[in-house]
Each structure stands twice: as structure tokens, then as C-alpha cells.
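Here the structure is laid out as C-alpha cells; the discussion comes afterwards.
All of the numbers you see were taken from the coordinates with simple rules; none came from a lab. Just so we're clear, the structure is a prediction, and the values are computed from it rather than from any experiment. Every residue, glycine among them, receives a Cβ derived from its backbone with ideal geometry; neighbour counts consider all protein chains shown.
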Amino acid sequence: MIVGLCRFSFLAMGGWQSVPRDLDSAKDYLFNKERLDFRFRLFEAYTLPSITAQDDDNLRFVILTSVHMPKAYLDRLNDVTRGDRRITVKALPPERKKGVIQQLYADEFGTSDERVSFRLDDDDGLSVRFASRLRRAVKALTGSRPFFVSFSRGILVSYMEGSISWASQCSHPFFSAGLAFACPDTRRRCVYDFGHYHCYESFDTLVLAGAPAYVRCIHDFNDSKGMARGVEGFPRTSVCELAREFVDDFPYLANAQ
């Protein structure tokens, strides 16, 4: 089974990178109306359509959010995801992020003997053929040893003051979007247990550098530093141009704004 997890403004004990560590300040940051409006805009333009278009009934996708998210936004999140039975929204109280993520993956995997976890942020997207490409890669390497799968090629979309300013292909191995971890069921580890830029230091890693596999958005509300990495050697262009070139992998790009 392949299970993805997306953290959508989850209020965690300990915080995330640039998110304040004390809970009151974190609430003010995460649930700021301007931030939430923009994150929903990207989630509905990239993240959600990239998951609902996957042709894989054994795919599961968990959206981890907070019980403290304002009701109007939590209702919206439940409404826009209700049409796909593979998607589950979990609104939880503040907890230590590592433990709650491990438990959510364990709940989804159940007794499955194939356990492949992947990660995706709420402002990024995947190729609609992501699951089939990942499944083929896992099948080719499956054994007793855990390993990572990194899709190195993607598309970067840059926003300036809320509008798309430019887009480009990129080559960015070990980027977080779509990074996957295949692990036997005797272990409780998942993809979030390891820093994505250091995963190759702990386990074997397969890097797939074929067609672009993800869309990464950089903007003013990135929770980590939004840097245009991996675009060297690729010309800046428009989203419309890349949507035409990669329509089979990213049909939803035609509607991005």
C-alpha cells in the first residue's frame, strides 16, 4: 500500500522550522487569514487535483490538520476532499509531530505487507502518474532492506505578491515533494522520520530523473525558506507553456493562477 501524508497548518508541540514554538504564537501564525486563504488557493490548484487524478485504488492520502483551525476553513477542507474516498482529513489537538505522524501511517497501513510512505506539502503538487511510477520503482527494488525513492525533476512556480511571476523546470534531488520510503512491516519508520536532504546518509536511495514528477511553489508564505533551487540550466518560462509541454503529467497546471 502507498500512503501519503500532508501537513495542513497542523499545530504541533515543538513547531515546524519557521513556525513559532509556543502554541499561542503558532496559532497566530498558522491561522492568519491571509496565510490560510493563500495556502487553500495553492492546495486546491496543485495538491488536491494531483491526488484525485491518481489512477491507483490502493493509494491513501492523509491530511493532518488542527482542531484549532478556524471552523470555516476546516469545513472547507472537509468539503473539497469529500469526493475521494482515498483521502482522509484528520484534525487533531497539539501533539508531538513525530509520534502522531507515525501513528497515522500505522493506522492507514494496518496489516499490509507493502508499506510505502510519501510526503507532500499543502502548496506543492505531483504528476498524476506519480503513484504508478512509484509503484514500479518499489516493485523493482523490493527486498528486506528499507530504501528511499527520490524524484529529482520537477516544475517550480514562483509567486510574487500573490501572482505567478515565472515558472521553470528544475532538478532537485531529495526535495520533499513525493519523496517516498519503502519499509518492511516489521518496522514503524516512515518518510517523515528523516530529513529529506539527508535521507541518503541512512539508507539506500533510488533517484529517478526522468519526466518531471512534482510541482513546487515558492511564495511569501513558505514555512521554510522559499528558494529557487535546481533551476540552473533551465530557462524561465510561463506556467501555460509548461502546462502544454507536460499536459499528460500535470493537466491541472492549465488552471493554475
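List the relative contact order of region 189-257 as a percent without decimals, with contacts defined as Cα pairs under 8 Å and 6+ residues apart.
Numbers: 21 pairs, mean separation 12.6, N = 69.
Rounded, it is 18 percent for region 189-257.
From the alpha carbon gyration tensor of region 2-255, can you work out the equivalent ellipsoid semi-axes (sqrt of 5 times each eigenvalue) and give them in Å, largest to smallest? Provide the component values of the computation, followed by the final result.
On the way: eigenvalues 122, 118, 60 Å².
Listed largest to smallest, the semi-axes of region 2-255 are 25, 24, 17 Å.
Output the peptides 148-161, 49-62 sorted from most to least packed, where packing is the average of other Cβ atoms within 10 Å over each peptide's residues. Walk me through the intermediate numbers first.
Working: 148-161: 21.1, 49-62: 18.2.
Descending packing order for the listed peptides: 148-161, 49-62.
Treat each spin label as a single point 7 Å out from the Cα along the C-beta direction, and report the residue 35 to residue 84 distance in nm.
According to this spin-label approximation, the distance is 2.5 nm.
Could you give the nm distance between label points at residue 238 and residue 255, where each point is 7 Å from its Cα heading toward the beta carbon?
My value for the distance between the label points is 2.0 nm.
Would you look at the GNM of the chain, springs on alpha carbons closer than 10 Å, and say which of 190, 217, 240 moves the most?
240
Consider a paramagnetic label point 7 Å from the Cα of residue 163 along Cα→Cβ; state which residues of region 176-218 have an amide N under 11 Å from it.
none
So which GluC sites (Glu not before Pro) in region 199-257 end up in coil per DSSP with only 16 or fewer other C-beta atoms within 10 Å?
Here the sparse-neighbourhood loop sites are 232.
Can you give the three extents of the C-alpha atoms in region 198-257 along their principal axes, from longest to shortest, in whole Å?
So the three principal-axis extents are 39, 29, 23 Å.
How many angstrom lie between the Cα centre of region 27-51 and the Cα centre of region 122-196?
Cα centroid of region 27-51 versus Cα centroid of region 122-196: 20 Å apart.
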